[in-house]
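Heads up: the structure comes next, in structure tokens.
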Amino acid sequence: MKSNQYNEPSLDQQLAQQFERAQQWLKKYLPKLLPVLAGILVVLWLGSGVYSVNPGHVGVVRTFGKETARTAPGLNYRFPWPFQRADVVSVEQIRRIEVGFRGAQRVYEEALMLTGDENIVEAQIVVQYRVADPSKFLFRLREPEVALGAATEVALRSTVGSMTIDQVMIEERAKVQDDARVFIQRLMDAYESGLIITEVKLQAADPPDAVRDAFHDVVRAREDKEKLINVAKGYQADILPKARGEAQKILREAEGYKEKRVLLAQGEA
């Protein structure tokens, strides 16, 4: 019993034996496995060049950083990194940015602006746009949406600054939107952004909170005044023809009475 215990190899000896067997196996089979592993890696590397372009999108292929091709929707191939890179851009998706607010949160530094009659108004606007030229969108501007936000703020301030507060808030809201859209598009074209502005919506145009109630009271008073004027004009349009008709009737009766009296007088004579 004791001799068997002394003859059993220790744990270190067992590990050394296993390590030696592994070395022998690698020496025998590694030369045969290397080409297989290399082939698998090459196939995986080449396969990484396959990419998909969805409908409504365009693929822009760059070779060593320079645009060399555009690809249509479907499966496409480009040489894997580091030779080529493909960026897929939607040219049909309608995107949007908000100026003067973000969701339910106001952004006062963007929203507060001066009208042409030197009143302060808080304006919030939504701009909808899409990518028309993927190359310009990808390569001309570092951050196209940031540039669009700045251009929108400039355009809105310029448009509001050319109108009175009544025009901005009540009378010319549609014109504010149209003028701002034209202004924004002109700026984005000058930047070569590759963007087309599809719609501009003026979400809100109100005086600041401190004077909003007073201003609305003035607006309501003005509306009441216009309403009373219209009622008076309507009453005038109704009563004048009746008064004229009544006057004509009285004149005809007077003329008839006059003729009657004249005839009577002539008969008596």
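No lab work stands behind these numbers, since they all come straight from the coordinates. Computed from a predicted model, the values in this text were never measured in an experiment. Heads up, the Cβs are rebuilt from the backbone with ideal geometry, glycines too, and the neighbour counts pull from every protein chain shown.
Counting only DSSP H runs of at least 4 residues, each contributing -39500 (n - 2.57), and dividing by the residue count of the chain, the helix-based mean residue ellipticity at 222 nm comes to -19000 deg cm²/dmol.
So which DSSP H runs in the chain come out at 27 Å plus along the axis (Cα) with average Kyte-Doolittle of at least -1.0?
What comes out of the filter, once short or polar helices are dropped, is 11-47, 209-268.
Residue separation of residue 186 and residue 51 scaled by 0.36 nm, minus their Cα-Cα distance, works out to 45.1 nm of gained length.
On alpha-carbon atoms, Rg over Rh for the chain using Kirkwood Rh?
Rg/Rh for the chain comes to 1.55.
Net charge dipole, segment 25-181: roughly 1860 debye, given to the nearest 20, about the Cα centre with Cβ charges of +1 for Lys and Arg and -1 for Asp and Glu. Please name whichever of 205, 65, 51 sits farthest to the positive end of the charge dipole of the chain, dipole taken about the Cα centre and charges placed at Cβ: Lys and Arg +1, Asp and Glu -1. Value: 51.
When you filter the GluC sites (Glu not before Pro) in segment 114-164 for DSSP loop state and at most 15 other Cβ atoms inside 10 Å of their Cβ, you are left with 118.
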